[in-house]
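Report on one structure; see the data block that follows.
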Amino acid sequence: MTRSLASLSSSPSFRRSSSARFYSPNASLALVTPLIAALLAGFLYPVARLIALSFSGGTLSHYRRIFAEPLHLDVLFSTIEVAFVVTVASLLLGFPVAYLMARLSRGLAMAVAACVFIPLWTSVLVRSYAWVVLLQRNGIINKLLIDTGVTEWPLKLIYTEGAVILAMTHVLMPFMILPIYSALRALPPDYVRAARNLGAGPIRAFVAVTLPLSLPGVFAGSIMCFVLALGFYITPALVGGPGSMLMATLIGQQTTVLLDWPFAAALSTVLLAVTLLFVLLFRRMLSLSKGLNSVY
Amino acid sequence: MRPETGRIQGKDAEERQQLKGNAKLIGQSLSLGGLQKRYGEAIAVRELSLEIAAGEFVSLLGPSGSGKTTALTMIAGFEAPSTGRIAIGGRDVTLLAPNHRNIGMVFQKYALFPHLTIHQNIAFPLRMRGRMQKTAISRRVDEMLELVQLSGYAERYPNQLSGGQQQRVAVARALAFEPPVLLMDEPLGALDKKLREAMQFEIKRLQERLGATVVYVTHDQDEALTMSDRVAIMSDGRLVQFGTPTELYRQPNTEFVADFIGRMNFLHGDCLDCTAEQTVVRLSESTVLKLRSHANERTRKYDAGTALRVAIRPERMRLAKRGDGGADALPGVVDAAVFFGSTYIFLVRLADRPAASLQVEVPADGVIPYQRDDAVDIVLDGAAGHVFPVTERCAA
C-alpha cells in the first residue's frame, strides 16, 4: 500500500529517471536498508501479528461474526460511503485552490500555499476540536443562526455524519490539493496557449487540455484522500456520534472498551483488504487510460 | 555559408499572383504598426513596424532577449501590446482574443497535446471551430498527414514519434484550418543539424505550395537567410534592418547587422580622407587602408580624424606572398589556418598591429598555401568594405 501510494504521488521527473542509474546496486541497497528495516519492524511485523491474531483459535469465527451481524457490515459500507463523499468533496473544493495556486504569481502562490500547509502542520486533534467548538449546541454556528433568526432552537450539527464529512474534508483537503497543484505546475503553459491559438476559448481550453492533463494529480490526490479517509479515527471519534460510527472507531471501541482483540484484528484485516482492493482498482483505472500514461 | 549559395529562391510577386488565380493560396498580409511592449520599466519591444505581404516568408532574427519572441507572442495574441496595432489582411486584430485570430502557430517544443492521438491533435482546431462534419474533419486530417508525409501515424500518441515527426505534426496541426498567417517560434531548435536542414526545405516547400504568410522566429542566421524572402533583424527590442537576405549580407546598415550576419572582420582606424570618391583609413602609423567609396554609398561622409570601424568579409580578401600584393595590400603574418572543407580560413595578424587579426577565406585546392608565421600580403577588394562610425559602445 505504502509503495503504490508513493509511486503514484511521486513527481514526474522522479518517474523518468530511476536512481538505479546513478548508484551502484550496493549503494542503492544501503540507502533503502533503513526504510526496509523500519517497514519490517513497524509495519509488516505488526500487520502479520494482527492477521494471525484475527485467526486465533484456528477458526474463522471472528470473520463469521463480522458478516453475520448487519451492524458491522453497515459500518463498513458507511465507512466506504463517507470516504467516497469526503474524496469527492475534497476534489471539488481542492481543485480550484490548486488551479489558483498554479496560476498565481510566486508571492501570492506562496501565501495560498501557506493557507494550505499551516492546517496540515497543525495536529489533527486540534483541528477536530476546532470543529467541535464550531458545531456544538452552543457553538458559534448555532449562535449565529439563532441570532439572525434562521432557526429558533439550536440545530443538531455535531455528532452527525454530516459533521464527520465536513471535518474530514477539511482535514484531508491538503492531500488532494498538493498532488493536483504539482501536476498543474508541471504543465507547460504552451499547451493552453496552443489550445487557445487553435481556436479554443478559455473554458474549452481548460476542459480539453488542462483538466485531462491534470488527471494524474487528481488520481493521486483522490487515492490518498480515499485511503486516509477509510482508516480515519480521531476526527470521526470526536465529531461523530454513535449513529455515525466508522470502521476505525468501531475497531477502537473493540480494543479499548470491549477488549476483544481478536475480533478487532479481524475487523482491521477486513479494512486492510478493502483498502488494498480500492488501491488496486484505482491503479487499474489509471493504467487503462492509455493517453494519460503518455502525459509525462 | 553565403546566402547566395544556400538560399531557396522564393517565387517573385508576379508568379505568385498568377498562382493565386489558379489555386487557393491561404496567405494574407500582416501589418505591425508601432508595436511596443513594456514590462514595468523594461521595454521588450520598441516601435516595431513591419509590412509583410501575403504569401511572404519573413524571419525575425536576433540574439536571445532581442524581443523577437515577444513580438510573436503579441501577434498570436497571448499578450497585448502596450501600444501599437496589428492587422491581418487589413483587419485590425489588436484587441482580438487568440482563439478568434485564426493564426496558426508552431511552438518551440511543438506543444502537441500528449493525451491526444496525432489524429485528434490535428483535428483539434477543426473541432474547436465546430463548422465541420466528423467525416470532413477526418478527411482533412488525412490530407494534412499526407502533406507532411506521416500517413499511417494517425493513431499514435505524440511521445511515440521522433522529434522530426512531432515537428511535422505540429506544422500539420497549425495549417489544418488554413490560417492566413503562420507563426513559427524556433521550430527546428530541438532537432539535430542534418534533420534541421531537411526540415528547412520541407517547411519552405510547404509554405510555397500553400502560399502561406509565415513569420519565423529564429536566432540561427543560416536558417533565416536560406528560408526567408525577407529578414527582420532585431536587437534590444528594436528593428535594426529589414531586407532580403542578399541586402542584409551585402549592405548591412549598421555594425550590428554586419557583425551578426555571416563572418566579418572589423578594423579600427581614423579617417584620413573620406570623400565621395574614396575612403582612406589610417590603421596605424605606417598602414593605410584604401576603399572605393561606393562600398559605403549609404553612409555619411566623415571628417578627417573621425574614429571609424571598417568591416570586410573574409571572402572579399585574398593572400599573396609578402611583396606580391601590390601597393595597397596590408602586410601581415599568418597565425593559424582552419580547414572548412571547401575553404581555409587563415587568421592573419597585421605586421605592425599584432593585436588586429583578420580572417581571410582561401579556396582549398590541394596543398595548404601558407604556413604559420609566413609573411604575407592581404589584398583587399576595394569595393568590399563597409565603414561605420565608432559609437561609444563599440569603442569600449
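Return yes when residue B:326 is small (Gly, Ala, Ser) and on the phi > 0 side of the Ramachandran plot and no when it is not. Spelling it out, residue B:326 is indeed small (Gly, Ala, Ser) and on the phi > 0 side of the Ramachandran plot. Taking residues in the stretch A:101-117 that are free of Cβ contacts under 8 Å to residues at least 12 places away in the same chain, and partners anywhere that are surrounded by fewer than 13 Cβ atoms within 10 Å (Cβ to Cβ) and charged (D, E, K, R), not one pair has Cβ atoms closer than 7 Å while being at least 6 places apart or on different chains. Tell me yes or no: at least one residue of the stretch B:279-287 is over 25 Å from residue B:376 (Cα atoms), among the polar types (S, T, N, Q), modelled with pLDDT under 90 and surrounded by fewer than 18 Cβ atoms within 10 Å (Cβ to Cβ). No - not one qualifying residue is present in the stretch B:279-287.
When the residues of the stretch B:129-144 are narrowed to those that are within 13 Å of another protein chain (Cβ to nearest Cβ) and of a type in the set (D, E, K, R), which ends up farthest from the chain's Cα centre (by Cα)? By that ranking, first place goes to B:131. Selection over the stretch A:170-193 of residues that are more than 11 Å from chain B (Cβ to nearest Cβ) and aromatic (Phe, Trp, Tyr) gives a count of 2. The residue pairs whose first member lies in the stretch B:375-396 and is hydroxyl-bearing (Ser, Thr, Tyr), whose second member is modelled with pLDDT of 75 or more, and whose beta carbons are closer than 8 Å, counting only pairs six or more residues apart or on different chains, are B:391/B:255. For the stretch B:156-188, residues that are outside any helix (DSSP H, G or I) and closer than 25 Å to residue B:102 by Cα total 13.
Name the single residue, out of those in the stretch A:173-214 being among the hydrophobic types (A, V, I, L, M, F, W, C) and part of a loop (DSSP other than H, G, I, E, B), that is nearest to residue A:117 (Cα to Cα).
The extreme case among them is A:186.
The residues of the stretch B:192-206 that are within 17 Å of the chain's Cα centre (by Cα) and in contact (Cβ under 8 Å) with a residue 24 or more places away in the chain, listed by number, are B:196, B:199, B:200, B:201, B:203, B:204. Remark: pairs (first residue in the stretch A:232-251, closer than 13 Å to residue A:158 by Cβ and assigned to a helix (DSSP H, G or I); second residue at pLDDT below 90 and of a type in the set (D, E, K, R); Cβ separation under 6 Å; 6+ apart in sequence or on different chains) = A:244/A:161. Of the residues examined, residue B:147 is one that is more than 9 Å from chain A (Cβ to nearest Cβ), surrounded by fewer than 22 Cβ atoms within 10 Å (Cβ to Cβ) and touching a residue at least 24 places away in the same chain (Cβ under 8 Å).
Can you confirm whether the stretch B:42-51 contains a residue that is in the same structural domain as residue B:233 (by TED's automatic domain parsing), within 19 Å of the chain's Cα centre (by Cα) and crowded, with 22+ Cβ neighbours inside 10 Å? Talk me through it step by step, then tell me what you get.
Going through the stretch B:42-51, the residues in the same structural domain as residue B:233 (by TED's automatic domain parsing) turn out to be B:42-51.
Filter again for within 19 Å of the chain's Cα centre (by Cα), leaving B:45, B:48-51.
Of the ones still in play, those that are also crowded, with 22+ Cβ neighbours inside 10 Å are B:45, B:48.
Yes: the stretch B:42-51 contains one or more residues that are in the same structural domain as residue B:233 (by TED's automatic domain parsing), within 19 Å of the chain's Cα centre (by Cα) and crowded, with 22+ Cβ neighbours inside 10 Å.
Would you check which residues across the stretch A:105-122 are aromatic (Phe, Trp, Tyr) and under 18 Å from residue A:185 (Cβ atoms) and list them?
From the stretch A:105-122, those aromatic (Phe, Trp, Tyr) are A:117, A:121; that's our starting set.
Within the stretch A:105-122, A:117 is the sole residue that qualifies.
Among the residues of the stretch A:213-230, those identified as within 12 Å of another protein chain (Cβ to nearest Cβ) and either of a type in the set (A, V, I, L, M, F, W, C) or surrounded by fewer than 21 Cβ atoms within 10 Å (Cβ to Cβ) (or both) are A:213, A:215.
Whether a residue is more than 20 Å from the chain's Cα centre (by Cα) and of a type in the set (Ser, Thr, Tyr) was assessed, and residue B:249 does not pass this test. Find the residue count for the stretch A:132-153, including only residues that are loosely packed, with under 15 Cβ neighbours inside 10 Å and either among the acidic types (Asp, Glu) or assigned to a loop (DSSP other than H, G, I, E, B) (or both). The number of residues fulfilling the criteria is 9.
Within the span defined as the stretch B:101-113, every residue fails to be among the small types (Gly, Ala, Ser), surrounded by fewer than 19 Cβ atoms within 10 Å (Cβ to Cβ), closer than 24 Å to residue B:61 by Cα and not assigned by TED's automatic domain parsing to the domain that holds residue B:37. For first residues located in the stretch A:194-212 and at the interface with chain B (Cβ under 10 Å from one of its Cβ atoms) and within 17 Å of residue A:99 (Cα to Cα), partners that are among the charged types (D, E, K, R) and surrounded by fewer than 19 Cβ atoms within 10 Å (Cβ to Cβ) and lie 6+ apart or on another chain with Cβ distances below 9 Å form the pairs A:208/B:127. Which numbered condition trips up residue A:117, out of (1) assigned to a helix (DSSP H, G or I); (2) crowded, with 21+ Cβ neighbours inside 10 Å? Unmet for residue A:117, out of (1) assigned to a helix (DSSP H, G or I); (2) crowded, with 21+ Cβ neighbours inside 10 Å: (2). Checking each residue in the stretch B:150-177 for being out of contact with any strand residue (DSSP E or B) (no Cβ under 6 Å at 6 or more places or on another chain) and facing another protein chain (nearest Cβ under 10 Å) picks out B:156, B:157, B:158, B:159, B:160, B:173, B:176, B:177.
Sub-8 Å Cβ pairs linking a first residue in the stretch B:301-314 that is farther than 20 Å from residue B:250 by Cα to a second residue that is outside any loop (DSSP other than H, G, I, E, B) and of a type in the set (Gly, Ala, Ser), at least 6 apart or interchain, are B:307/B:269; B:307/B:395, ordered by first then second residue. Please indicate, with yes or no, whether at least one residue in the stretch B:111-127 is more than 22 Å from residue A:287 (Cα to Cα) and basic (Lys, Arg). Yes, there is a match, as at least one residue in the stretch B:111-127 is more than 22 Å from residue A:287 (Cα to Cα) and basic (Lys, Arg).
Considering the conditions (1) surrounded by fewer than 17 Cβ atoms within 10 Å (Cβ to Cβ); (2) closer than 30 Å to residue A:241 by Cβ, residue A:82 is excluded by exactly one of them, (1).
The values are calculated or read from the model by the stated rules, or taken from the named source; none is laboratory data. Only a predicted model underlies this, so the values are computations on that prediction, with no experimental measurement involved. Cβ sites come from the backbone with ideal geometry, for glycine too, and all protein chains shown count toward neighbours.
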